[in-house]
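*Asks:* One structure is given below, represented as structure tokens, and several questions about it will come after.
The values are calculated or read from the model by the stated rules, or taken from the named source; none is laboratory data. Since we're looking at a predicted model, the values are computed, not measured. All Cβ positions, even for glycine, are placed from backbone atoms using ideal geometry, and neighbour counts span all protein chains on display.
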Amino acid sequence: MKILLVEDHKLLSRSLKQALEEDGFAVDLAVSGDEADVKARGSIYDVVILDLMLPKIDGLTLLKGWRKDGFTFHILVLTAMGTLEDKVQGLNLGADDYLPKPFELTEFLARVRALVRRGHQAKDPILRIHDLEIDTGARVVRRAGKEIYLTPREFSLLRFLCYHRGKVVTRSMVWEHLYDENDDNTSNVVDVYIRYLRNKIDKNFTPPLILTRWGEGYMIKGD
Amino acid sequence: MRSIRFSLTICFLALLALSLGSASLMAYRSASRNLEGRLSIQKELAQTTYKDRCRDEENRLDDSLLFQAQTLARLVQFHVDWGKLKHLELHALGMLTSPANPGAFVQAPVWALQSTRGFAFDLFRRATPSIRFDPAELLTRLDGQVAEFFQIDTAWNASYKSNSLEAMTMPVNMATFAPDDVLHWEYEELQLNQNLKVRRVILKASRFLLGPTLPTPQRNRFSGSNRNGERGGDRVESPSPRPSNTNTDSSFRPAIFIQCAYDIAKRDNLFASLAQQRDEDILTFANEHKKNLEEFRDMLAAINMITFLAGGGICFWLVRLGLSPLDVLTSSVSRINEKDFSLDISESKLPGELKPIASRLALTLDQLKKAFEREKQATADISHELRTPLSAMLATLDLALRKSRTVEEYREMLEDCRENCVNMRKDVERLLALARLDAGADPFKPEIFDLSQLAADCVKMITPLANSKGISMHISCEPTLEINSDPGKLKEILVNLLHNAVQYNKTGGNVFLRLAPRPGSMVIEVEDDGIGIEESKKNKIFERFFRADSSRTHGDSTNCGLGLAIVKGYAELLGAGLEVTSQPDHGSTFKLVLVTPMNHQVLTETVV
């Protein structure tokens, strides 16, 4: 799950980025309108978090441009202008959600998660595969009723696989969605994390849920 | 004034009523004067007519009298004793008698006397001592005539009197009455007795030269007439016709005097009836006059009413027409709301009187709109400037509390929050400074101080930032420059200008601060060789929250675009002129001209 955070306030962007990363999202940062535009058009994001008052190009212009050019990522608008008109205008221009500043971190994260779910046509915040349960809201994973502790990266990978259940997920897909622009790791790191995940989820349980398709990638069982 | 329409209509109607009233009054007065004139002319005419008719009537009566007299003159017959005449064998006379009734009265026309002279006349006189008329004859001859009284006198004492005269006699002085004329008549009025007054004509006939026919009794202007007073001076008294043979013996005048008279009461009755008719006419005229006047008045009233109503209608329409642009303006003004400040009206459709209002209104609305937008923008900016750091702090603290962290992590987050707070405080102070400026709560506090010292302090404050960016600060001023101004605000101005000069500069750039005393003023210049300001943005840099080039990508995020707004506000408060000259990529110069008396000192330059 990769998120583009467009915010020019240093402290805010740093804190939000950290919070999102702790929630298992890969976060790219943009501090100006033009930078955000370049990044949004050049990479695949699940959600874009957009501040409206930005240097160079303002948020609403970016929003219009992206929607006009057919970008379908979900957009959460963050703004200090919290009047009804601003909200309506933002939503009408193609935003998916609107969060006026100042906001609580928990609400922000919940809205981001909701947008991610929506992006994968999932209504239930708890993903269930066989006897595996992933509570995306509480960030808790259980298998056969037993709670399993996962690092944010592992959680993120599992969530990504679950959202694409029954489909083959390539290493580059995983890499693109789970690692931000500043990660120097190659796609080999995906194999390492898959191994970690298997150790935690499949090792003591049957049947194994994470399957390997040689030459293609990985897949989690469809049912 | 309740309503222009109402007032205009009332004024117009009042004016209309006034003009109609005065016009009507004048028309009525002139018309009534005319009618009065006509009436008096009519009255005069009636009077004249009356007089004419009286005169005509009298003339008619007079003529009638004369005619009777003449008729009588012809009919005078002498009572001839036929036997005596026969006895005298006056065949000549006897031949005159009518053969039809021998023995009857012999008719002897007057002309017969004319040739009778001397003896014959004596004879004749003796034979005809009396005159009498055949009453039947007389009646047939004088039928329908006016005369009631007849009297015939002769020079030879024969006379005749009509019965109506009874005992009365109409005297005539035969000796003096037209002694030379053969034919003469005169009219006169005569009081016969107490009750009876008559008008008579005295006709004297003596020698008739014109044969048996008497002149026709028409009113002959040439015949001698001596009409009495009523005729007045309108008739020239013409001499009586004098027969040419006046050489006849005047001692013998075989003249007969015939008098015919009528009772003047008869004429007076006639006159009275004429007068009555005249009075009736005059009354009719007066009534007619009154009626005309009334008709005219009614007509005038009707015309006035119609004109007033029509005028009222036209006035209403005109006022409506005249005020319709105002309605248009009103409706378009009423459409203005906080979302739409445009005046939806084309000025070309408005009349000249309203154009200044409309254009002024449009201008004001435009300014209002701009102010409104600026204010909205400012509100948004303030919101952003305060809410964003607030969100950042909230997010950071939430993040810190989310799970247990290492001491270093906590420290880092707390330090971030502190820095954020410090920045927020600066912003809040700037906003408050501007708010105080706007409210006029920040008074000008002048005192005498050393500007050089103040400038040095400011430079010192900025130097750490300048050093961190590798920028050199240069100050040139006199050792002491004592001026009288507000040092607090001047310091704020200088710090802001220097801060900006450093902020928008390139690494290795220079910032110059120059204090140059001029007669009566002090010029303070802050020059940098940094990025400069685009021409299009030069006017905007003093606006609140304006950033020439997205400051947050340059340096820290503390600058929220209020610095120059404060500089401008303070400069205005100090009464100082503020100018900016700039060239993009070559730097900007801010020039502050303080009007203040000061001591002129030697210029020195120091590099800090």
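*Asks:* Of all residues being out of contact with any His (no Cβ under 8 Å at 6 or more places or on another chain) and touching a residue at least 60 places away in the same chain (Cβ under 8 Å) in the range A:159-181, which is farthest from A:ARG117 (Cα to Cα)? Just the residue, please.
*Replies:* Only one residue tops the list, namely A:GLU181.
*Asks:* Now a separate question. Residues of the range A:17-63 being away from every other protein chain (no Cβ under 12 Å), farther than 30 Å from A:TYR149 by Cα and not β-branched (Val, Ile, Thr), which ones?
*Replies:* The answer is A:ALA36, A:ASP37, A:LYS39, A:ALA40, A:ARG41, A:GLY42, A:SER43, A:LEU50, A:LEU60, A:LEU62, A:LEU63.
*Asks:* Tally time: how many residues in the range A:38-58 are within 17 Å of the chain's Cα centre (by Cα) and surrounded by 16 or more Cβ atoms within 10 Å (Cβ to Cβ)? Break it down into steps so the answer makes sense when it comes.
*Replies:* As a first pass, look at the range A:38-58 and keep what is within 17 Å of the chain's Cα centre (by Cα): A:39-50.
Okay, now just the ones that are also surrounded by 16 or more Cβ atoms within 10 Å (Cβ to Cβ), so A:39-40, A:45-50.
Residues flagged as within 17 Å of the chain's Cα centre (by Cα) and surrounded by 16 or more Cβ atoms within 10 Å (Cβ to Cβ) within the range A:38-58 amount to 8.
*Asks:* So for the range B:381-403 (the condition being more than 8 Å from chain A (Cβ to nearest Cβ), under 28 Å from B:ILE345 (Cα atoms) and free of Cβ contacts under 8 Å to residues at least 40 places away in the same chain), does at least one residue qualify?
*Replies:* no
*Asks:* Something else: Tell me, please, whether a residue that is outside any helix (DSSP H, G or I) and within 24 Å of B:GLU385 (Cα to Cα) can be found in the range A:14-27. Spell out the reasoning first.
*Replies:* Of the residues in the range A:14-27, the ones outside any helix (DSSP H, G or I) are A:23-27.
Then drop every residue that is not within 24 Å of B:GLU385 (Cα to Cα), which leaves none.
No, because not a single residue in the range A:14-27 is outside any helix (DSSP H, G or I) and within 24 Å of B:GLU385 (Cα to Cα).
*Asks:* Now, a different point. I need the strands (runs of 3 or more DSSP E) fully contained in the range B:417-499, keeping only those with at least 1 residues that are over 60 Å from the mean Cα position of the chain (by Cα), at pLDDT below 90 and closer than 17 Å to B:LEU574 by Cα. Let's see the steps before the verdict.
*Replies:* On the way: elements: B:447-450, B:472-477, B:482-485.
Those strands (runs of 3 or more DSSP E) span B:447-450, B:482-485.
Conditions tested, residue by residue: (1) touching a Ser or Thr at 6+ places or on another chain (Cβ under 7 Å); (2) touching a residue at least 12 places away in the same chain (Cβ under 8 Å); (3) within 14 Å of chain A (Cβ to nearest Cβ).
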residue: B:VAL422; (1), (2), (3): no, no, yes
residue: B:ARG425; (1), (2), (3): no, no, no
residue: B:LEU432; (1), (2), (3): no, no, no
residue: B:ILE448; (1), (2), (3): no, yes, no
residue: B:GLN453; (1), (2), (3): no, yes, no
residue: B:LYS460; (1), (2), (3): no, yes, no
residue: B:SER472; (1), (2), (3): no, yes, no
residue: B:ASN484; (1), (2), (3): yes, yes, no
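*Asks:* A:VAL77: modelled with pLDDT of 85 or more and loosely packed, with under 14 Cβ neighbours inside 10 Å, yes or no? Can you show your working first?
*Replies:* On the way: modelled with pLDDT of 85 or more: yes; loosely packed, with under 14 Cβ neighbours inside 10 Å: no.
Spelling it out, it is not the case that A:VAL77 is modelled with pLDDT of 85 or more and loosely packed, with under 14 Cβ neighbours inside 10 Å.
*Asks:* Would you point out which residue out of A:THR186, A:THR136 is surrounded by 14 or more Cβ atoms within 10 Å (Cβ to Cβ) and at pLDDT below 85? Explain how you work it out, then say what you get.
*Replies:* Numbers: A:THR186 fails: surrounded by 14 or more Cβ atoms within 10 Å (Cβ to Cβ).
A:THR136 is the lone residue from the list that is surrounded by 14 or more Cβ atoms within 10 Å (Cβ to Cβ) and at pLDDT below 85.
*Asks:* Quick check: is even one residue across the range A:74-92 farther than 22 Å from B:ARG387 by Cβ and among the small types (Gly, Ala, Ser)?
*Replies:* no
*Asks:* Now, a different point. Collect the residues in the range B:404-420 that are within 16 Å of A:ALA19 (Cα to Cα), among the charged types (D, E, K, R) and more than 9 Å from every other protein chain (Cβ to nearest Cβ), keeping them in residue-number order.
*Replies:* Residues satisfying the conditions are B:ARG405, B:GLU409, B:GLU412.
*Asks:* Only one residue in B:SER206, B:SER273, B:SER225 is at pLDDT 85 or above, among the hydroxyl-bearing types (Ser, Thr, Tyr) and in the same structural domain as B:MET168 (by TED's automatic domain parsing), so which one is that?
*Replies:* Values: B:SER206 fails: at pLDDT 85 or above; B:SER225 fails: at pLDDT 85 or above.
Sole residue among the options that is at pLDDT 85 or above, among the hydroxyl-bearing types (Ser, Thr, Tyr) and in the same structural domain as B:MET168 (by TED's automatic domain parsing): B:SER273.
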